[in-house]
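Have a look at the structure below before the remarks.
The values are calculated or read from the model by the stated rules, or taken from the named source; none is laboratory data. Quick caveat, the model's predicted, so the values are computed rather than measured. Note that each Cβ is placed from the backbone with ideal geometry, even for glycine, and that neighbours are counted across all protein chains shown. What goes into the accessible areas is simple: the full protein's heavy atoms, side chains included, and nothing from ligands, DNA or RNA. Shrake-Rupley method; radii C 1.70, N 1.55, O 1.52, S 1.80 Å.
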Amino acid sequence: MHIKLNDYLKMYKNKRVAVIGAGISNTPLINILLDAGIETTVCDRRTKEEIGEIAECFEKAGAVLRLGEHYLSDLTEDVIFRTPGLMPTTPALVDAVARGATLTSEMEAFFDICPCKTIAVTGSDGKTTTTSIIAELLRNEGKTIHVGGNIGTPLLCRADEIKPDDIAVIELSSFQLVTMKTSPNIAVVTNLSPNHLDVHNDMEEYIEAKSNIFMHQNKSDIAVFNLDNEVTRNYAKSAPADEVLFFSRHDKVTNGVYLKNGIIYESRNDAREEIMNADDIVLPGVHNIENYLAAFAAVLGIVSYETMRKTAMSFCGVKHRLEFVREFRGVKYFNDSVASSPSRTIAGLKAFTDKKNSLLPENDEKNLILIAGGKDKGIPFDELGNEVAGRVKKLVLVGATASDICTAVECAMSADAEPNDSYELEIIKCDSFEDAVDTASKVADVGDVVLLSPACTSFDMFKNFEERGDRFKDLVNKLM
(Lines give C-alpha, C1' and ligand atoms only; values in the text may rest on other atoms or scores of the structure.)
Protein backbone atom coordinates (compact mmCIF):
# COMPACT_ATOMS: atom_id res chain seq x y z
CA MET A 1 0.00 0.00 0.00
CA HIS A 2 1.39 3.39 -1.01
CA ILE A 3 1.86 6.06 1.61
CA LYS A 4 0.45 9.57 1.42
CA LEU A 5 2.68 12.51 0.52
CA ASN A 6 2.40 14.01 4.02
CA ASP A 7 3.45 10.72 5.58
CA TYR A 8 6.38 10.53 3.18
CA LEU A 9 7.48 14.03 4.15
CA LYS A 10 7.30 13.14 7.85
CA MET A 11 10.25 10.80 7.29
CA TYR A 12 12.39 13.90 6.67
CA LYS A 13 11.04 15.97 9.57
CA ASN A 14 14.18 15.71 11.68
CA LYS A 15 16.63 15.48 8.81
CA ARG A 16 18.54 18.07 6.82
CA VAL A 17 17.70 17.94 3.12
CA ALA A 18 19.62 19.32 0.13
CA VAL A 19 17.96 19.80 -3.25
CA ILE A 20 20.42 20.15 -6.12
CA GLY A 21 19.00 22.21 -8.94
CA ALA A 22 16.39 24.95 -8.64
CA GLY A 23 14.89 24.34 -12.05
CA ILE A 24 11.36 23.55 -13.17
CA SER A 25 11.27 19.95 -11.96
CA ASN A 26 12.67 20.67 -8.49
CA THR A 27 10.88 23.93 -7.66
CA PRO A 28 7.64 22.22 -6.54
CA LEU A 29 9.73 19.75 -4.52
CA ILE A 30 11.54 22.59 -2.75
CA ASN A 31 8.23 24.27 -1.97
CA ILE A 32 6.61 21.18 -0.45
CA LEU A 33 9.70 20.50 1.67
CA LEU A 34 9.66 24.06 2.97
CA ASP A 35 5.89 24.00 3.53
CA ALA A 36 6.38 20.85 5.62
CA GLY A 37 8.89 22.65 7.83
CA ILE A 38 11.84 20.56 6.67
CA GLU A 39 15.31 22.09 6.90
CA THR A 40 16.15 22.56 3.23
CA THR A 41 19.27 23.76 1.41
CA VAL A 42 18.93 24.70 -2.25
CA CYS A 43 22.09 24.07 -4.29
CA ASP A 44 22.49 25.47 -7.79
CA ARG A 45 25.41 26.34 -10.06
CA ARG A 46 23.74 29.62 -10.99
CA THR A 47 24.01 32.81 -8.98
CA LYS A 48 21.07 34.34 -7.14
CA GLU A 49 20.70 36.92 -9.89
CA GLU A 50 20.66 34.24 -12.60
CA ILE A 51 18.00 32.19 -10.80
CA GLY A 52 15.79 35.23 -10.37
CA GLU A 53 13.08 36.10 -7.88
CA ILE A 54 12.29 32.46 -7.08
CA ALA A 55 15.56 32.39 -5.12
CA GLU A 56 14.27 35.16 -2.85
CA CYS A 57 11.01 33.27 -2.43
CA PHE A 58 12.94 30.20 -1.28
CA GLU A 59 14.91 32.29 1.22
CA LYS A 60 11.78 33.94 2.61
CA ALA A 61 10.27 30.48 3.09
CA GLY A 62 13.28 29.42 5.14
CA ALA A 63 15.63 27.77 2.65
CA VAL A 64 19.39 28.09 2.81
CA LEU A 65 20.91 28.93 -0.60
CA ARG A 66 24.23 27.43 -1.68
CA LEU A 67 24.81 28.93 -5.11
CA GLY A 68 27.52 29.54 -7.65
CA GLU A 69 30.69 27.71 -8.53
CA HIS A 70 31.00 25.87 -5.20
CA TYR A 71 27.37 24.78 -4.92
CA LEU A 72 28.40 21.15 -4.36
CA SER A 73 30.85 21.89 -1.57
CA ASP A 74 29.98 20.96 2.00
CA LEU A 75 27.23 18.46 1.15
CA THR A 76 26.71 17.31 4.73
CA GLU A 77 22.92 16.97 4.58
CA ASP A 78 21.20 13.70 5.50
CA VAL A 79 19.15 13.45 2.29
CA ILE A 80 20.14 14.75 -1.15
CA PHE A 81 17.69 15.15 -4.02
CA ARG A 82 19.77 15.36 -7.20
CA THR A 83 18.77 17.02 -10.41
CA PRO A 84 18.58 14.47 -13.28
CA GLY A 85 21.50 16.07 -15.12
CA LEU A 86 23.91 15.49 -12.21
CA MET A 87 25.22 11.94 -12.31
CA PRO A 88 25.51 9.97 -9.06
CA THR A 89 29.17 9.35 -9.92
CA THR A 90 29.91 13.06 -9.38
CA PRO A 91 32.68 13.08 -6.70
CA ALA A 92 30.75 15.36 -4.34
CA LEU A 93 27.77 12.99 -4.40
CA VAL A 94 29.97 9.91 -4.01
CA ASP A 95 31.60 11.49 -0.96
CA ALA A 96 28.24 12.46 0.53
CA VAL A 97 26.87 8.93 0.15
CA ALA A 98 30.07 7.54 1.69
CA ARG A 99 29.40 9.77 4.71
CA GLY A 100 25.93 8.23 5.06
CA ALA A 101 23.71 10.54 3.01
CA THR A 102 20.69 9.16 1.18
CA LEU A 103 20.73 10.04 -2.52
CA THR A 104 17.36 10.24 -4.26
CA SER A 105 15.36 12.36 -6.73
CA GLU A 106 11.93 13.84 -7.23
CA MET A 107 11.00 11.04 -9.65
CA GLU A 108 12.23 8.27 -7.34
CA ALA A 109 10.18 9.77 -4.52
CA PHE A 110 7.10 9.85 -6.76
CA PHE A 111 7.45 6.17 -7.62
CA ASP A 112 7.67 5.40 -3.90
CA ILE A 113 4.29 6.98 -3.18
CA CYS A 114 2.38 6.83 -6.48
CA PRO A 115 -1.04 5.29 -5.74
CA CYS A 116 -1.97 4.25 -9.31
CA LYS A 117 -0.80 2.16 -12.25
CA THR A 118 2.34 3.53 -13.94
CA ILE A 119 3.35 3.32 -17.59
CA ALA A 120 6.84 4.60 -18.34
CA VAL A 121 8.74 5.02 -21.59
CA THR A 122 12.44 5.35 -22.28
CA GLY A 123 14.71 5.02 -25.30
CA SER A 124 17.26 6.94 -27.33
CA ASP A 125 14.67 8.23 -29.78
CA GLY A 126 10.90 8.52 -29.87
CA LYS A 127 10.25 8.40 -26.15
CA THR A 128 8.47 11.76 -25.94
CA THR A 129 6.20 11.06 -28.91
CA THR A 130 5.49 7.51 -27.70
CA THR A 131 4.69 8.80 -24.21
CA SER A 132 2.39 11.43 -25.70
CA ILE A 133 0.65 8.85 -27.89
CA ILE A 134 0.08 6.55 -24.90
CA ALA A 135 -1.37 9.46 -22.93
CA GLU A 136 -3.64 10.41 -25.85
CA LEU A 137 -4.82 6.80 -26.26
CA LEU A 138 -5.70 6.51 -22.58
CA ARG A 139 -7.35 9.94 -22.50
CA ASN A 140 -9.49 9.05 -25.51
CA GLU A 141 -10.45 5.79 -23.81
CA GLY A 142 -11.85 7.84 -20.93
CA LYS A 143 -9.05 7.26 -18.43
CA THR A 144 -7.82 9.92 -16.02
CA ILE A 145 -4.11 10.31 -16.67
CA HIS A 146 -1.19 12.23 -15.21
CA VAL A 147 1.77 12.91 -17.51
CA GLY A 148 5.19 13.61 -16.04
CA GLY A 149 8.89 12.89 -16.00
CA ASN A 150 10.68 14.57 -18.89
CA ILE A 151 7.38 16.00 -20.10
CA GLY A 152 4.22 17.25 -18.43
CA THR A 153 4.53 18.58 -14.90
CA PRO A 154 6.38 17.38 -11.77
CA LEU A 155 4.22 14.66 -10.25
CA LEU A 156 5.46 14.35 -6.67
CA CYS A 157 3.70 17.47 -5.42
CA ARG A 158 0.45 16.24 -7.01
CA ALA A 159 0.60 12.70 -5.66
CA ASP A 160 -2.30 13.17 -3.22
CA GLU A 161 -4.55 14.30 -6.11
CA ILE A 162 -4.00 11.02 -7.97
CA LYS A 163 -6.65 8.33 -7.45
CA PRO A 164 -5.99 4.57 -7.49
CA ASP A 165 -7.90 4.11 -10.77
CA ASP A 166 -5.90 6.82 -12.57
CA ILE A 167 -2.83 6.09 -14.71
CA ALA A 168 0.49 7.93 -14.55
CA VAL A 169 2.26 8.10 -17.93
CA ILE A 170 5.93 8.98 -17.53
CA GLU A 171 8.86 9.65 -19.83
CA LEU A 172 12.19 8.70 -18.25
CA SER A 173 15.70 9.57 -19.36
CA SER A 174 18.86 7.61 -18.58
CA PHE A 175 19.78 10.38 -16.13
CA GLN A 176 16.59 9.75 -14.15
CA LEU A 177 16.82 5.97 -14.43
CA VAL A 178 20.44 5.59 -13.38
CA THR A 179 19.56 5.53 -9.66
CA MET A 180 15.99 4.20 -9.89
CA LYS A 181 15.19 1.24 -7.65
CA THR A 182 11.52 1.04 -8.60
CA SER A 183 10.16 0.21 -12.05
CA PRO A 184 6.76 1.01 -13.57
CA ASN A 185 3.93 -1.48 -13.96
CA ILE A 186 4.30 -1.25 -17.73
CA ALA A 187 7.79 -0.46 -19.05
CA VAL A 188 8.42 0.52 -22.69
CA VAL A 189 11.83 0.79 -24.37
CA THR A 190 11.53 2.32 -27.84
CA ASN A 191 15.11 1.69 -29.02
CA LEU A 192 18.71 2.20 -27.94
CA SER A 193 21.60 3.72 -29.84
CA PRO A 194 24.67 5.71 -28.72
CA ASN A 195 23.49 8.79 -26.82
CA HIS A 196 24.59 11.08 -23.98
CA LEU A 197 28.13 9.70 -24.19
CA ASP A 198 29.36 13.11 -23.10
CA VAL A 199 27.86 12.31 -19.68
CA HIS A 200 27.88 8.52 -19.40
CA ASN A 201 31.28 6.85 -19.14
CA ASP A 202 30.50 4.54 -22.06
CA MET A 203 27.71 2.81 -23.94
CA GLU A 204 27.58 -0.02 -21.41
CA GLU A 205 26.79 2.42 -18.59
CA TYR A 206 24.10 4.02 -20.74
CA ILE A 207 22.51 0.62 -21.50
CA GLU A 208 22.62 -0.37 -17.84
CA ALA A 209 20.98 2.89 -16.75
CA LYS A 210 18.15 2.40 -19.24
CA SER A 211 17.56 -1.15 -18.01
CA ASN A 212 16.33 0.14 -14.65
CA ILE A 213 13.00 0.89 -16.29
CA PHE A 214 12.21 -2.84 -16.15
CA MET A 215 14.81 -4.50 -13.90
CA HIS A 216 12.84 -3.81 -10.70
CA GLN A 217 9.47 -4.97 -12.03
CA ASN A 218 7.39 -7.70 -10.41
CA LYS A 219 6.31 -10.85 -12.22
CA SER A 220 2.82 -9.38 -12.66
CA ASP A 221 4.16 -6.35 -14.55
CA ILE A 222 4.62 -5.95 -18.31
CA ALA A 223 7.74 -5.11 -20.32
CA VAL A 224 7.56 -3.90 -23.94
CA PHE A 225 10.66 -4.06 -26.15
CA ASN A 226 11.60 -3.22 -29.74
CA LEU A 227 12.35 -6.49 -31.54
CA ASP A 228 14.13 -4.61 -34.35
CA ASN A 229 16.78 -3.15 -32.03
CA GLU A 230 19.53 -5.50 -30.87
CA VAL A 231 19.98 -3.96 -27.42
CA THR A 232 16.29 -3.85 -26.55
CA ARG A 233 15.74 -7.34 -27.97
CA ASN A 234 18.42 -8.65 -25.62
CA TYR A 235 16.81 -6.84 -22.67
CA ALA A 236 14.01 -9.41 -22.79
CA LYS A 237 16.37 -12.14 -21.58
CA SER A 238 16.77 -10.46 -18.19
CA ALA A 239 13.27 -9.00 -17.74
CA PRO A 240 11.72 -10.21 -14.45
CA ALA A 241 8.14 -9.65 -15.66
CA ASP A 242 6.28 -12.76 -16.79
CA GLU A 243 4.65 -10.88 -19.67
CA VAL A 244 7.16 -9.58 -22.21
CA LEU A 245 5.73 -8.03 -25.36
CA PHE A 246 7.57 -7.06 -28.53
CA PHE A 247 6.79 -4.61 -31.29
CA SER A 248 8.32 -4.76 -34.74
CA ARG A 249 8.15 -2.95 -38.05
CA HIS A 250 10.04 -5.71 -39.86
CA ASP A 251 9.14 -9.09 -38.36
CA LYS A 252 6.11 -10.94 -37.10
CA VAL A 253 6.02 -11.28 -33.30
CA THR A 254 4.40 -13.99 -31.23
CA ASN A 255 3.20 -11.68 -28.46
CA GLY A 256 2.86 -7.98 -29.13
CA VAL A 257 2.26 -5.66 -32.08
CA TYR A 258 3.79 -5.73 -35.55
CA LEU A 259 3.53 -4.31 -39.06
CA LYS A 260 3.07 -6.51 -42.11
CA ASN A 261 2.14 -5.40 -45.62
CA GLY A 262 1.06 -2.00 -44.32
CA ILE A 263 -1.29 -3.42 -41.67
CA ILE A 264 -0.71 -3.20 -37.89
CA TYR A 265 -1.62 -6.37 -36.02
CA GLU A 266 -1.84 -7.54 -32.43
CA SER A 267 -0.45 -11.04 -32.00
CA ARG A 268 -1.04 -13.40 -29.07
CA ASN A 269 0.40 -16.91 -29.31
CA ASP A 270 0.45 -16.59 -33.10
CA ALA A 271 -3.24 -15.67 -33.26
CA ARG A 272 -3.48 -12.23 -34.80
CA GLU A 273 -6.06 -9.45 -34.90
CA GLU A 274 -5.94 -6.48 -37.28
CA ILE A 275 -5.71 -3.11 -35.53
CA MET A 276 -5.45 -0.64 -38.42
CA ASN A 277 -3.85 0.35 -41.71
CA ALA A 278 -0.55 2.14 -41.04
CA ASP A 279 -1.25 4.60 -43.87
CA ASP A 280 -4.04 6.08 -41.74
CA ILE A 281 -1.56 7.36 -39.15
CA VAL A 282 -1.41 11.13 -39.58
CA LEU A 283 2.06 11.56 -38.04
CA PRO A 284 4.61 11.33 -40.88
CA GLY A 285 7.61 9.02 -41.07
CA VAL A 286 8.27 5.34 -40.46
CA HIS A 287 9.71 6.23 -37.06
CA ASN A 288 6.24 7.35 -36.01
CA ILE A 289 4.80 4.01 -37.14
CA GLU A 290 7.29 2.45 -34.72
CA ASN A 291 6.17 4.87 -32.01
CA TYR A 292 2.58 3.76 -32.54
CA LEU A 293 3.57 0.09 -32.47
CA ALA A 294 5.22 0.66 -29.09
CA ALA A 295 2.29 2.66 -27.76
CA PHE A 296 -0.30 0.11 -28.92
CA ALA A 297 1.67 -2.69 -27.26
CA ALA A 298 1.76 -0.73 -23.98
CA VAL A 299 -2.03 -0.32 -23.83
CA LEU A 300 -3.18 -3.72 -25.06
CA GLY A 301 -6.18 -4.78 -22.98
CA ILE A 302 -6.67 -1.21 -21.73
CA VAL A 303 -7.52 0.66 -24.94
CA SER A 304 -9.87 -0.63 -27.64
CA TYR A 305 -8.88 -1.03 -31.28
CA GLU A 306 -11.46 1.61 -32.19
CA THR A 307 -9.81 4.15 -29.88
CA MET A 308 -6.41 3.21 -31.28
CA ARG A 309 -7.60 3.88 -34.83
CA LYS A 310 -9.37 7.14 -34.02
CA THR A 311 -6.35 8.44 -32.09
CA ALA A 312 -3.85 7.55 -34.81
CA MET A 313 -6.05 9.23 -37.42
CA SER A 314 -6.36 12.47 -35.45
CA PHE A 315 -3.32 13.01 -33.18
CA CYS A 316 -1.05 15.58 -34.83
CA GLY A 317 1.99 15.21 -32.61
CA VAL A 318 4.04 17.17 -30.11
CA LYS A 319 5.72 20.58 -30.29
CA HIS A 320 9.29 20.62 -31.64
CA ARG A 321 8.88 17.20 -33.33
CA LEU A 322 8.61 17.65 -37.09
CA GLU A 323 6.32 20.56 -36.24
CA PHE A 324 5.11 22.53 -39.24
CA VAL A 325 5.81 26.22 -38.65
CA ARG A 326 4.97 28.16 -41.78
CA GLU A 327 4.98 28.28 -45.56
CA PHE A 328 6.61 31.48 -46.82
CA ARG A 329 7.23 32.31 -50.47
CA GLY A 330 6.71 28.70 -51.47
CA VAL A 331 9.10 27.30 -48.84
CA LYS A 332 7.87 25.15 -45.94
CA TYR A 333 9.58 25.37 -42.54
CA PHE A 334 9.59 22.52 -39.99
CA ASN A 335 10.83 22.52 -36.40
CA ASP A 336 12.45 19.28 -35.20
CA SER A 337 14.45 20.83 -32.37
CA VAL A 338 13.92 17.73 -30.21
CA ALA A 339 16.39 15.92 -32.49
CA SER A 340 19.40 16.10 -30.20
CA SER A 341 21.12 12.99 -31.56
CA PRO A 342 22.24 11.91 -35.04
CA SER A 343 19.81 8.95 -35.07
CA ARG A 344 16.88 11.26 -34.32
CA THR A 345 17.88 13.61 -37.13
CA ILE A 346 18.26 10.67 -39.51
CA ALA A 347 14.70 9.62 -38.67
CA GLY A 348 13.55 13.15 -39.50
CA LEU A 349 15.42 13.16 -42.81
CA LYS A 350 13.80 9.87 -43.76
CA ALA A 351 10.37 11.23 -42.85
CA PHE A 352 10.85 13.89 -45.52
CA THR A 353 12.76 12.02 -48.20
CA ASP A 354 11.51 8.42 -48.22
CA LYS A 355 8.97 8.19 -51.00
CA LYS A 356 6.48 6.28 -48.85
CA ASN A 357 4.88 8.37 -46.10
CA SER A 358 6.96 11.42 -47.05
CA LEU A 359 6.04 14.98 -46.18
CA LEU A 360 7.67 16.25 -49.36
CA PRO A 361 5.97 16.43 -52.74
CA GLU A 362 6.42 13.40 -54.96
CA ASN A 363 9.29 14.39 -57.23
CA ASP A 364 12.77 13.26 -58.10
CA GLU A 365 14.63 16.32 -56.80
CA LYS A 366 16.20 16.77 -53.41
CA ASN A 367 14.56 19.82 -51.92
CA LEU A 368 15.48 19.55 -48.25
CA ILE A 369 17.58 22.23 -46.56
CA LEU A 370 18.85 21.08 -43.18
CA ILE A 371 19.91 23.32 -40.28
CA ALA A 372 22.07 21.30 -37.86
CA GLY A 373 24.70 21.67 -35.14
CA GLY A 374 24.93 22.32 -31.43
CA LYS A 375 26.72 20.91 -28.40
CA ASP A 376 28.66 17.67 -28.76
CA LYS A 377 27.30 14.56 -26.99
CA GLY A 378 30.26 12.39 -27.85
CA ILE A 379 28.37 10.55 -30.63
CA PRO A 380 30.05 9.97 -34.04
CA PHE A 381 28.50 11.76 -37.03
CA ASP A 382 29.59 9.19 -39.65
CA GLU A 383 26.14 7.71 -40.26
CA LEU A 384 24.56 11.15 -40.23
CA GLY A 385 27.10 12.23 -42.86
CA ASN A 386 26.05 9.40 -45.16
CA GLU A 387 22.36 10.21 -44.80
CA VAL A 388 22.84 13.95 -45.30
CA ALA A 389 24.94 13.34 -48.42
CA GLY A 390 22.17 11.23 -49.93
CA ARG A 391 19.10 13.19 -48.84
CA VAL A 392 19.88 16.90 -48.38
CA LYS A 393 20.10 19.69 -50.96
CA LYS A 394 21.85 22.28 -48.77
CA LEU A 395 23.31 21.93 -45.27
CA VAL A 396 23.44 24.94 -42.96
CA LEU A 397 25.66 24.38 -39.91
CA VAL A 398 25.96 26.33 -36.68
CA GLY A 399 27.24 25.75 -33.16
CA ALA A 400 30.09 23.85 -31.55
CA THR A 401 29.75 20.73 -33.72
CA ALA A 402 29.54 22.49 -37.09
CA SER A 403 33.05 21.49 -38.16
CA ASP A 404 32.64 17.86 -37.05
CA ILE A 405 29.37 17.44 -38.94
CA CYS A 406 30.90 19.15 -41.97
CA THR A 407 33.83 16.71 -41.94
CA ALA A 408 31.50 13.70 -41.70
CA VAL A 409 29.39 14.89 -44.63
CA GLU A 410 32.44 15.74 -46.77
CA CYS A 411 33.88 12.28 -46.09
CA ALA A 412 30.60 10.70 -47.15
CA MET A 413 30.49 12.80 -50.31
CA SER A 414 34.06 11.89 -51.23
CA ALA A 415 33.17 8.22 -50.77
CA ASP A 416 30.25 8.71 -53.19
CA ALA A 417 27.66 7.80 -50.57
CA GLU A 418 24.38 7.95 -52.52
CA PRO A 419 25.86 10.49 -54.97
CA ASN A 420 23.70 13.24 -56.38
CA ASP A 421 24.41 13.51 -60.12
CA SER A 422 22.53 16.78 -60.65
CA TYR A 423 24.49 18.95 -58.25
CA GLU A 424 26.92 18.82 -55.35
CA LEU A 425 25.59 19.29 -51.83
CA GLU A 426 26.34 22.81 -50.62
CA ILE A 427 27.53 23.21 -47.03
CA ILE A 428 27.27 26.62 -45.36
CA LYS A 429 28.66 27.45 -41.91
CA CYS A 430 27.10 30.27 -39.92
CA ASP A 431 28.29 32.21 -36.88
CA SER A 432 24.94 32.41 -35.09
CA PHE A 433 21.58 30.65 -34.93
CA GLU A 434 19.87 33.73 -36.29
CA ASP A 435 22.29 33.81 -39.23
CA ALA A 436 21.61 30.11 -39.89
CA VAL A 437 17.86 30.62 -40.18
CA ASP A 438 18.30 33.73 -42.32
CA THR A 439 20.79 31.94 -44.59
CA ALA A 440 18.52 28.92 -45.01
CA SER A 441 15.66 31.18 -46.05
CA LYS A 442 17.84 32.99 -48.60
CA VAL A 443 19.17 29.85 -50.31
CA ALA A 444 15.76 28.13 -50.41
CA ASP A 445 13.83 27.93 -53.68
CA VAL A 446 10.11 27.54 -54.22
CA GLY A 447 9.15 23.97 -53.29
CA ASP A 448 11.99 23.53 -50.81
CA VAL A 449 11.65 22.54 -47.17
CA VAL A 450 13.79 24.05 -44.43
CA LEU A 451 14.19 21.64 -41.54
CA LEU A 452 15.72 22.45 -38.15
CA SER A 453 16.96 19.06 -36.92
CA PRO A 454 20.24 19.73 -35.10
CA ALA A 455 21.49 16.19 -34.24
CA CYS A 456 23.00 17.77 -31.10
CA THR A 457 21.91 19.24 -27.80
CA SER A 458 21.13 22.94 -27.52
CA PHE A 459 23.27 23.78 -24.53
CA ASP A 460 25.95 25.71 -26.42
CA MET A 461 23.36 28.35 -27.35
CA PHE A 462 20.11 27.68 -25.46
CA LYS A 463 18.78 26.41 -22.13
CA ASN A 464 17.02 23.44 -23.75
CA PHE A 465 15.64 22.18 -27.04
CA GLU A 466 12.28 23.87 -26.36
CA GLU A 467 13.93 27.29 -26.23
CA ARG A 468 15.85 26.47 -29.42
CA GLY A 469 12.65 25.40 -31.18
CA ASP A 470 10.72 28.42 -30.00
CA ARG A 471 13.51 30.72 -31.23
CA PHE A 472 13.45 29.00 -34.62
CA LYS A 473 9.68 29.47 -34.90
CA ASP A 474 9.96 33.09 -33.87
CA LEU A 475 12.64 33.77 -36.50
CA VAL A 476 10.71 31.96 -39.21
CA ASN A 477 7.48 33.78 -38.42
CA LYS A 478 9.32 37.12 -38.67
CA LEU A 479 10.66 36.42 -42.16
CA MET A 480 9.51 39.15 -44.55
(request) Give the Debye-formula value of log10 I(q)/I(0) at each listed q (0.19, 0.22, 0.25 Å⁻¹), with one equal scatterer per alpha carbon of the range 52-132, two decimals each. (result) -1.04, -1.12, -1.20
(request) Just reorder ASP44, ASP112 by solvent-accessible area, largest first, 1.4 Å probe, all chains present. (result) ASP112, ASP44
(request) Mind checking the per residue accessible area of the range 288-349 for me, 1.4 Å probe, whole number of Å²? (result) 33 Å²
(request) Could you tell me the distance between the Cα centroids of the range 238-270 and the range 15-35, to the nearest Å? (result) 42 Å
(request) Rounded to the nearest 500, what is the 222 nm mean residue ellipticity of the chain from helices alone, with -39500 (n - 2.57) per DSSP H run of 4+ residues and division by all residues? (result) -9500 deg cm²/dmol
(request) Rank these residues by their accessible area, most exposed first, probe 1.4 Å: HIS287, HIS250. (result) HIS250, HIS287
(message) Leaving ligands and nucleic acids out of the surface, order LYS48, LYS219, LYS60 by accessible area at 1.4 Å, largest first.
(response) LYS60, LYS219, LYS48
(request) Using R₀ = 25 Å, calculate the FRET efficiency as 1/(1 + (r/R₀)^6) where r is the Cβ-Cβ separation of GLU161 and ASP354; round to 0.05. (result) 0.05
(request) Kindly provide the Kirkwood hydrodynamic radius of the range 117-158 in Å, to one decimal, from all pairs of distinct alpha carbon atoms. (result) 11.0 Å
(message) Ignoring ligands, DNA and RNA, please state the percent of accessible area on the range 130-177 from carbon and sulfur, probe 1.4 Å.
(response) 44 percent
(request) At 1.4 Å probe size, with every protein chain present, just tell me what the per residue accessible area of the range 1-63 comes to in Å². (result) 57 Å²
(request) Would you mind telling me the share, in percent, of accessible area of the range 269-411 contributed by carbon and sulfur at probe 1.4 angstrom? (result) 46 percent
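Any chance you could tell me what percent of the C-alpha pair distances in the chain go past 40 Å?
Values: 27243 of 114960 pairs.
I get 24 percent for the Cα pairs in the chain exceeding 40 Å.
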(message) What would the Debye equation give as log₁₀ I(q)/I(0) for the range 65-216 at q = 0.09, 0.14, 0.16 Å⁻¹, counting only Cα atoms as equal point scatterers?
(response) -0.31, -0.72, -0.91
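Looking only at the chain, where both bridge partners belong to it, what percent of the DSSP beta bridges are antiparallel (to the nearest 5)?
DSSP beta bridges in the chain are roughly 25 percent antiparallel.
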(message) Using a 1.4 Å probe on the protein heavy atoms only, what accessible surface does THR353 show? Give it in Å² to the nearest 10.
(response) 40 Å²
(request) Leaving out ligands and nucleic acids, note down the accessible area per residue over the range 227-279 with a 1.4 angstrom probe, in whole Å². (result) 52 Å²
(request) Mind grabbing the accessible area of VAL282 for me, 1.4 Å probe, Å², rounded to tens? (result) 70 Å²
